[in-house]
Each structure stands twice: as structure tokens, then as C-alpha cells.
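Presented below is the structure to which this report refers.
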Amino acid sequence: MTPTAAPVARTAPAATDTHCPYCSLQCGMRLAPAAADAGPPVEVLERPAFPVNRGALCGKGRTAPALLARGARLTGPLLRDRPGAPLRSAGWPEALDRAAAGLARVRAAHGPDAVGVFGGGGLTNEKAYLLGKFARVVLGTANIDYNGRFCMSSAAAAHRRAFGLDRGLPFPLADLPHTGCLILVGANPAETMPPAVRYLRELREKGGRLIVVDPRRTRTAELADLHLQPRPGADLALALGLLHLVIADGLLDEEFIAGRTTGFAAAREAATAHWPDRVERITGVPVHQLRQAARTFGEAATGMVLTARGPEQHSKGTDTVGAWIDLCLATGNSGRPYSGYGCLTGQGNGQGGREHGQKADQLPGYRSIEDPAARAHVAAVWGVPAASLPGPGLSAYELLDGLGRPDGVKALLLAGSNPAVSAPNAAHVTERLRALDLLVVADVVLSETARLADVVLPVTQWAEEDGTTTNLEGRVILRRRALDPPAGVRGELWLLRELAARLGVPHGFPAEAEPVFDELRRASAGGDADYAGISYARIAAEDGVFWPCPADGHPGTPRLFLDRFATPDGRARFAAVTHRPAAEEPDRDYPLYLTTGRVLAQYQSGAQTRRVAELTTAAPGPYVELHPQLARRLGIADGEPVAVTSRRGRAVAPARITDAIRPDTVFMPFHWAGAGRANSLTNPALDPVSRMPEFKLCAVRVERVRREEGA
């Protein structure tokens, strides 16, 4: 597969304009009835007018209709009659009655917080909003969180700390080619969001410079003017080292610092402890490269820093992102055209999913659940007393870690997530899922997590429903229904309505998306993520609307912070942070770093993409990347099965020998279950602010194994 695919050439009058179901680009596409009766019911056509991807799609987008075929997905509810019994087919009334009765029984016996809800960053805004309302109004539980906690939470926390507001990108993607220098930190869009690569190429064509920070020489790194290859876990020291050099070389924007920021003196003092030789020892990046990067960024007329999971998925992820924001602020590269810090959001609705209430500490509109005014506003929209709303609950891993324990969640409703593969320390999380009194899973396929459930509820897919998502730019876009779902499949909004009615709340849960969105607009009004002026009609007419958009006549906000930051005094805040080791560093028993990530042909836990033949052919299974020096030292040949062992577990996969990785580091993609499950190894150590687990680094050893075990 190539990083980008040529747009499909033809169009058809019967096509429905919609969007790809995968990553946060939310690429525009059109769906038309398939010409053949066999296979997927629709085919993908180009939609060149949509500004984000301009018609281009990656292989995942092109093949997305494959999952709409009947044999690829769930088409009716499944029930487990007793522990250990197989799942069997059931009708919707029986399945919903079983789920509602089980939730009610646990709540009555152990209290509302013994019931939990776990959502997903791929759910539409309407689903995320109604899931949060269901948890707090119907179940009365504080324990709702979502898998987006594993993706963008560190960047979100740092963004809010520095700017008072979190939106993945505070500017449109179209601004990228116009900046003078772009630093990509721990991001590999050539494989994770290929249509975005055109912006990097256009940047280079216009004379801009591209610096990529990554322990691996990825396809994205190969496009760079300068590739910095630090040890995993060293991004915080690297950012502080660059800030130290910017200060020492006189590349500060003193006027910007004085007029639009606060806290620089403490940040300057922290940076002084990170002189070049020390940073080289910590990171492994040579001093001459540090100086080159600092000069290139500091001397550029405009500059941007974009981070992704590489620096964020750490127990110090919030501070790491804060240090990169400091570099932007110190050079005046924030709150100005073609400048700023941004986060490359991962999941399709990772942005909107955290704005409207399925996160443990938030209410719709990015409101804090602990703010009395926020509680009063949302409660009034919901028609309930503010005092009835629960407080903040457990973060995602803490919720999963407590499943089935005496003081933890005992019944879980899970929608749009597959933590049996995607959570850190996944074997432990799987044990906790098995310990539940009741697990209800709503999904489109029988994922590894759904296989553990007592009740499985098959739900509609992207092409079978209306709804909005919010892409990485903060652009609210509209997915449109192009076909009817199979007879035994229902939408999550309908499902929540039916469960709510069975649990004694017969009103307030519409089954159609647009009425839910209209309520979301009212609930978000006046909040940080204000959607009050956004409507389905506007989205369709304008190819999306950027939030905040507080009124019908408001144009939306493509670019944030140009006049002031969203802090009480309007100034951005520096973070005075210092380097500290990872929660787990290599030692004698586990001498290597493991880092994890994605590959071009697969997505997230692979529950969907592993069912698409073309994608499975392109990326059939897990592997372990090793440097040739390490492979020679261990006596490992290319393609030979190897075992990777951490303090938490063991994974076995074929070796892939490449000089694109550091000799002290091994890499595994995390899309697969079974023996090659990378998250059997990863460390659940949490960032103290964001509660992000440390996916991107743990200490491991690598050994040869018998070939039959590898098979």
C-alpha cells in the first residue's frame, strides 16, 4: 500500500456526501449504490470539494464499505445464559430486558457507582453526548470515561493549562504549508493519516522547513529536512534543550513574551538546567543536531509544533507537551497567523468525544463537572436537579483496573471500544472484564471485548446513520445516512432510549440524531466548546463549522487565540517543567526500550480493519522491529519468531530487522490480539494530571523462541 491513494475518478448523481469512519481527518467521501449485488452495498467515490482531503483517501477509507457487507458484521443480539456458556442469538426485547435488569440489579445492590459506562472516540457527538446523559441521569453514576483518555488527554491537559482551552489544532490544516518551520513530535501522518501528507509536501515546496522527532525513521521522517531520533521517553528533555538554546542564542520574542504571556521567568530557570551536553546524554541526539533544530525554528518568521501520541502517552506527557508549548511561546509562535502549537488527534471523533460528556470530569460544552454554574446549566437542559448529577468519576484505566473488585464497577455498558486489545497491561484488563457481574457491549463486530460480554448489541455503522463528528481542526462535520442497516441492527441512540425507558426514564432520549444535536447545542451554549450556532443545515452548506460558534449568525472560529488566549487574563501561561525519567527505564533484566504505534493498513485495535481482506493482505500480523546490531547480538534472523517480555507479560511475533530504529529500542504495532498483542507488555503508569497511561515506553527483553511457538 502507498501512503496516499489516487482519488477515484468517477462520480454518480445518486451519491451521498459523507465522511470516512476512521481517523481524525474525517476525510470527505461520497457513497453510491454498488454496481454488483455481491459484496459491499455501496462504493466510495471522490468528494474533491471537501477542503480537508480534497478527494484523496487512504486504503482504509477506500475499503471502508467492506464492513457493511452482511458477513463482516453483527446482525443480531447475542446473549450468554450463564458464565462459561457460549453466546447465543436472541431478539432485541430479550437482550434489552437482560441488560436493563442486570444494570438495575447491580445498582440496587451496590449503589449507582457500581455501574459504569465506557465509551469511544469514534462515536458521533450525538452518541457521546447521550451516553454521558444516560450515565448521569438514568444510572446516576460518576463512573463514565472513554478510550480517548488513552489518546489525547495529555495534550488536552497541557493545552488547557497553557491557553485555557483545548482544541486539537487552533488553526485549519490548510495553514500548515504557510508556516516557516514545522516540528512534528512523535507523529507519523504518512501512515496514520496519509491524505495529510500533501500539506507537508506543500510546506516544503513553499520553502518551509520540516523537523521530525521520532525514535524511528518512519515514512514521515524520510520527508524531513532534519530527523531527530531521541530515546523513547526523552522528548521532555529534548524540548527543554531546544528552549535552552533558543534563550542562549538570543532567539526569544521578548515583545510577545512581555505582552501576551506569563510565567516565563520560572520556565527560563527550568530550561537553564538542560544545557546541550546534558540533553545529548539524556536523549542520544547529538549537540550539533540540537543546535541546528533550535536555529531553524528560532530564526523562522513563523513556526508550528505538532505533537501526537509519541510524546503524549507517557506518565509525564502533560509536562512534555507543556515544554513544547513553551518553545512556541518563547519564540512568539502562538496566537499569530501560521504559528502555534497543535495536537494531531487520533480517533475519528477524539475531539468531539471529549467535549460533550463521556469523559469522567466533564459535562457538555467542555464544562467541568465540578463547576456549580456548569452543573446548573446542564441540569436545566436535562430537566433534573443539579444536585442529582454525580461528581467526577474514575479515569479510563482506573475504571478498568477496578472492574469486578469490591469497591469497583460491577456492571459495565461499553460502546465503541475494544480494551481487551487497546488498553495497557491488556491481559490484566481482560481478567478484570471477566470478573464483572455484567458486561454489555454495543459494537458493529464481535471484537475481542465483545466475545467476553454477557449481552452483545449490534449497532449501526457510519454509512447507516446521520450524525456529527468534530475533526482534529475543530471543524464540526456531518455524516449522512446512505443506506438502511440490516434488519437486526439498531442505532446506539435507539438503544439508549430503550434502556432508559426500561430503567424508569421514558423521556429525554431521542432516537434520531438531529434532535439530539439540537439539545447538545443548548447544553454546550456558553461553554468552551460552544456549538449553539451550529446546525445540520449550516454544516452541510459550509463543509463544516469550526467551534466555538455561539450564535446562528456567528461565522465560527477557524483560528483561535489571535486576539487573546482563553485564560482569565488573556495571556498564555508558560509551564516551568523539568526532565524526569520514565516510570520504567531499562535495567539489567529488561535492557531495552519498547515503543508501540500504528501501521498504514490497520487502525486502532484492528477490530474493524482486520476484517477487511485488502488491509489484512497489506498488514497481516504483528512484528517486532529490531536494529541489525541488536539482532546480531541476540542471534536473531529476519522473520524469525521472537519473544518480547516485560514485567507484565509476553508477546511473540516475527522479527523485522531494520536500521530505521535505534539499537536500544524495539517497536511493535498494537493492532493485533493473541500472542502478538503489544499491549500485553505496556505499562499502565499514569500521568498525574491527564491520567494517561505510559503506552509509549516500557522496559523489555527480547529472546529467540521455537519456530512452532512463533507460528
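The values are calculated or read from the model by the stated rules, or taken from the named source; none is laboratory data. Note that the coordinates shown come from a computational prediction; the quantities given were computed from them, not determined experimentally. Note: ideal-geometry Cβ built from the backbone for every residue, glycine included; neighbour counts use all protein chains shown. Surface accessibility is based on the protein's heavy atoms, side chains included, excluding ligands, DNA and RNA. Shrake-Rupley method; radii C 1.70, N 1.55, O 1.52, S 1.80 Å.
Quick one: would you say Ala109 is out of contact with any Ser or Thr (no Cβ under 7 Å at 6 or more places or on another chain), in a helix (DSSP H, G or I) and open to solvent by 20 Å² or more (accessible area, probe 1.4 Å)? Working first, answer last.
Values: out of contact with any Ser or Thr (no Cβ under 7 Å at 6 or more places or on another chain): yes; in a helix (DSSP H, G or I): yes; open to solvent by 20 Å² or more (accessible area, probe 1.4 Å): yes.
Against the criterion (out of contact with any Ser or Thr (no Cβ under 7 Å at 6 or more places or on another chain), in a helix (DSSP H, G or I) and open to solvent by 20 Å² or more (accessible area, probe 1.4 Å)), Ala109 qualifies.
Can you name every residue in region 484-503 that is touching a residue at least 24 places away in the same chain (Cβ under 8 Å) and more than 19 Å from Thr460 (Cβ to Cβ)?
Arg502, Leu503
Working only within region 540-557, note down all residues that are under 20 Å from Leu25 (Cβ atoms) and surrounded by fewer than 18 Cβ atoms within 10 Å (Cβ to Cβ). Give the derivation first.
So the first thing to find is which residues in region 540-557 are under 20 Å from Leu25 (Cβ atoms), and the list is 540, 542-547, 556-557.
The answer is Ala540, Glu542, Asp543.
Among the residues of region 286-333, write down those that are of a type in the set (Val, Ile, Thr) and either out of contact with any Gly (no Cβ under 8 Å at 6 or more places or on another chain) or closer than 21 Å to Arg691 by Cα (or both). Outline the logic, then answer.
From region 286-333, those of a type in the set (Val, Ile, Thr) are 287, 296, 302, 305, 307, 318, 320-321, 325, 331; that's our starting set.
The answer is Val287, Thr296, Thr307, Thr318, Thr320, Val321, Ile325.
Restricted to region 558-593, and to residues that are under 23 Å from Val279 (Cβ atoms) and of a type in the set (Val, Ile, Thr), which residue is least open to solvent (accessible area, probe 1.4 Å)?
Among those residues, the one meeting the criterion is Val577.
From (1) open to solvent by less than 30 Å² (accessible area, probe 1.4 Å); (2) not in a helix (DSSP H, G or I), pick out the condition that doesn't hold for His227.
Failed condition: (1).
Quick test for you: out of Thr595, Thr617, pick the one residue that is of a type in the set (Val, Ile, Thr), outside any loop (DSSP other than H, G, I, E, B) and within 24 Å of Gly310 (Cβ to Cβ).
On the way: Thr617 fails: within 24 Å of Gly310 (Cβ to Cβ).
Among Thr595, Thr617, only Thr595 is of a type in the set (Val, Ile, Thr), outside any loop (DSSP other than H, G, I, E, B) and within 24 Å of Gly310 (Cβ to Cβ).
Take region 594-621 and flag every residue that is in contact (Cβ under 8 Å) with a residue 40 or more places away in the chain, on the phi < 0 side of the Ramachandran plot and open to solvent by 30 Å² or more (accessible area, probe 1.4 Å).
Of everything in region 594-621, those that are in contact (Cβ under 8 Å) with a residue 40 or more places away in the chain, on the phi < 0 side of the Ramachandran plot and open to solvent by 30 Å² or more (accessible area, probe 1.4 Å) turn out to be Arg598, Gln608, Arg610, Arg611, Ala613, Glu614, Ala618.
Quick check, is Arg47 open to solvent by 20 Å² or more (accessible area, probe 1.4 Å) and in a strand (DSSP E or B)? Break it down stepwise before answering.
Numbers: open to solvent by 20 Å² or more (accessible area, probe 1.4 Å): yes; in a strand (DSSP E or B): no.
So Arg47 fails the test.
The rows are residues; the columns are (1) open to solvent by 10 Å² or more (accessible area, probe 1.4 Å); (2) in a loop (DSSP other than H, G, I, E, B); (3) closer than 18 Å to Gln602 by Cα.
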| position | (1), (2), (3) |
| --- | --- |
| Ala174 | yes, no, no |
| Pro177 | no, no, no |
| Leu184 | no, no, no |
| Ala190 | no, no, yes |
| Arg198 | yes, no, no |
| Arg201 | yes, no, no |
| Gly207 | yes, yes, no |
| Ile211 | no, no, no |
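Collect the residues in region 422-460 that are in a loop (DSSP other than H, G, I, E, B) and either among the polar types (S, T, N, Q) or open to solvent by 30 Å² or more (accessible area, probe 1.4 Å) (or both), keeping them in residue-number order. Break it down stepwise before answering.
Initially, region 422-460 is screened for residues in a loop (DSSP other than H, G, I, E, B), giving 423-425, 435-437, 444-449, 453-454, 460.
Scanning region 422-460 gives Asn425, Ala435, Asp437, Leu446, Ser447, Glu448, Thr449, Asp454, Thr460.
What residue, of Arg281, Arg295, is part of a helix (DSSP H, G or I), farther than 27 Å from Asp166 by Cα, touching a residue at least 40 places away in the same chain (Cβ under 8 Å) and of a type outside the set (Asp, Glu)? Step through it out loud before you land on a result.
Working: Arg281 fails: touching a residue at least 40 places away in the same chain (Cβ under 8 Å).
Criteria check complete, one pass: Arg295.
Within the bounds of region 354-367, is there any residue that is over 19 Å from Trp547 (Cβ atoms), of a type outside the set (Lys, Arg), open to solvent by 10 Å² or more (accessible area, probe 1.4 Å) and not in a loop (DSSP other than H, G, I, E, B)?
Restricting attention to region 354-367, the residues satisfying the condition of being over 19 Å from Trp547 (Cβ atoms) are 360-361.
If we keep only those that are of a type outside the set (Lys, Arg) as well, we get 360-361.
Within this subset, residues satisfying the condition of being open to solvent by 10 Å² or more (accessible area, probe 1.4 Å) are 361.
Of the ones still in play, those that are also not in a loop (DSSP other than H, G, I, E, B) are none.
Checked region 354-367: no residue is over 19 Å from Trp547 (Cβ atoms), of a type outside the set (Lys, Arg), open to solvent by 10 Å² or more (accessible area, probe 1.4 Å) and not in a loop (DSSP other than H, G, I, E, B).
Quick check on my filter: what residues within region 64-100 are without any contact (Cβ under 8 Å) to a residue 60 or more places away in the chain, in contact with a Leu (Cβ under 9 Å, 6 or more places away or on another chain) and in a helix (DSSP H, G or I)?
Hit for region 64-100 is Glu94, nothing else.
Just to be sure I understand the filter: pairs with C-beta atoms under 6 Å, separated by 6 or more residues or on different chains, first member in region 208-228 and at pLDDT below 95, second member of a type in the set (Lys, Arg). Which pairs pass?
none
Can you tell me which of Lys133, Lys127 is under 24 Å from His507 (Cβ atoms) and touching an Asp or Glu at 6+ places or on another chain (Cβ under 7 Å)? Walk me through how you get there before you give the answer.
Working: Lys133 fails: touching an Asp or Glu at 6+ places or on another chain (Cβ under 7 Å).
Answer to the selection: Lys127.
Output the residues belonging to region 384-422 that are among the charged types (D, E, K, R) and in contact with a Gly (Cβ under 7 Å, 6 or more places away or on another chain).
Residues of region 384-422 that are among the charged types (D, E, K, R), as a first pass: 398, 401, 405, 407, 410.
Of everything in region 384-422, just one residue is among the charged types (D, E, K, R) and in contact with a Gly (Cβ under 7 Å, 6 or more places away or on another chain), namely Lys410.
On the given criteria, is Ala675 modelled with pLDDT of 95 or more, of a type in the set (A, V, I, L, M), open to solvent by 10 Å² or more (accessible area, probe 1.4 Å) and touching a strand residue (DSSP E or B) at 6+ places or on another chain (Cβ under 8 Å)? Steps first, please.
Values: modelled with pLDDT of 95 or more: yes; of a type in the set (A, V, I, L, M): yes; open to solvent by 10 Å² or more (accessible area, probe 1.4 Å): yes; touching a strand residue (DSSP E or B) at 6+ places or on another chain (Cβ under 8 Å): yes.
Answer is yes for this residue.
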